[in-house]
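Visitor: I'd like to ask you about the structure that follows.
The values are calculated or read from the model by the stated rules, or taken from the named source; none is laboratory data. Here the structure is a predicted model, which is why all the values come from computation and not from measurement. Cβ atoms come from the backbone with ideal geometry, glycine included; neighbour counts cover every protein chain shown.
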Amino acid sequence: MQRQQLIDEYDAYYRADPLKWAGKGERNEFAIGVLSAYDPPRDILDVGCGNGHTLQRFARSHPEASLFGIDLSPEACKIAKEKLPQAQISCTFVEEYTGIIPFDLVLCLGVAEHFTCPLDGLLAVRKLTAGRLYLEIPDCLSYSPGKEEYRRLRRGSRQMEWHLSRDKWENIIIDAGFEIERAVEGDKPSWRFVWVLK
């Protein structure tokens, strides 16, 4: 997909439903729980922050941390800025981000599977990561069976996503220069593959 097509598609999602994906509170709680084993971060970047719901939750558990978000959708960024006036929200693709870097903690929840090239996307995220990356990816093959490839989901949001096994994702993670510090299984297929990376 071309970049403008992606922007238009996600703007349409957020125009139709400003709370799109914000009901995923249990997913945010799961991330907070996994990350509670580590020292509190000084700054947090949410890659693909959408309407800001994950940053909102992290703001409550880490009130001292500086908050940053990146999203490709101007509509999502507008909503996130209204929710989180204290956060610095940038409307850009991760490869083009030029803000303050690197970050103590980078969050990437349900985003990496949308990168048109997962390796390039994770290489860009690697440049932003000084401490840890919390990476969460759905097990698309469990609910949208077929070839391991980049294609539209057959149900739900019908987004374009990489349908890959955990092993294939881990190969890409390692190729991007990350070390897998911890691998976890999420409670639902839509956020099953979880890693803490350094």
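Visitor: For segment 57-82, which positions are assigned to a helix (DSSP H, G or I) and either surrounded by fewer than 17 Cβ atoms within 10 Å (Cβ to Cβ) or out of contact with any helix residue (DSSP H, G or I) (no Cβ under 6 Å at 6 or more places or on another chain) (or both)?
Guide: Listed by number, the residues that qualify are PHE58, ALA59, ARG60, SER61, PRO74, CYS77, LYS78, ILE79, ALA80, LYS81, GLU82.
Visitor: Restricting to segment 134-168, name every residue that is touching a residue at least 40 places away in the same chain (Cβ under 8 Å) and either among the β-branched types (Val, Ile, Thr) or under 19 Å from ALA124 (Cα atoms) (or both).
Guide: Of everything in segment 134-168, those that are touching a residue at least 40 places away in the same chain (Cβ under 8 Å) and either among the β-branched types (Val, Ile, Thr) or under 19 Å from ALA124 (Cα atoms) (or both) turn out to be TYR134, LEU135, GLU136, ILE137, GLU161, TRP162.
Visitor: Test ARG27 against the stated conditions and say whether it is part of a helix (DSSP H, G or I), of a type outside the set (Gly, Ala, Ser), modelled with pLDDT of 95 or more and surrounded by 14 or more Cβ atoms within 10 Å (Cβ to Cβ).
Guide: Details: part of a helix (DSSP H, G or I): yes; of a type outside the set (Gly, Ala, Ser): yes; modelled with pLDDT of 95 or more: no; surrounded by 14 or more Cβ atoms within 10 Å (Cβ to Cβ): yes.
Taking the combined requirement at face value, the residue does not satisfy it.
Visitor: Within segment 34-45, is there a residue that is surrounded by 15 or more Cβ atoms within 10 Å (Cβ to Cβ) and farther than 23 Å from ILE101 by Cα?
Guide: yes
Visitor: Taking into account only those residues within segment 68-94 that are among the aliphatic types (A, V, I, L, M) and free of Cβ contacts under 8 Å to residues at least 40 places away in the same chain, which is farthest from ALA12 (Cα to Cα)?
Guide: ALA87
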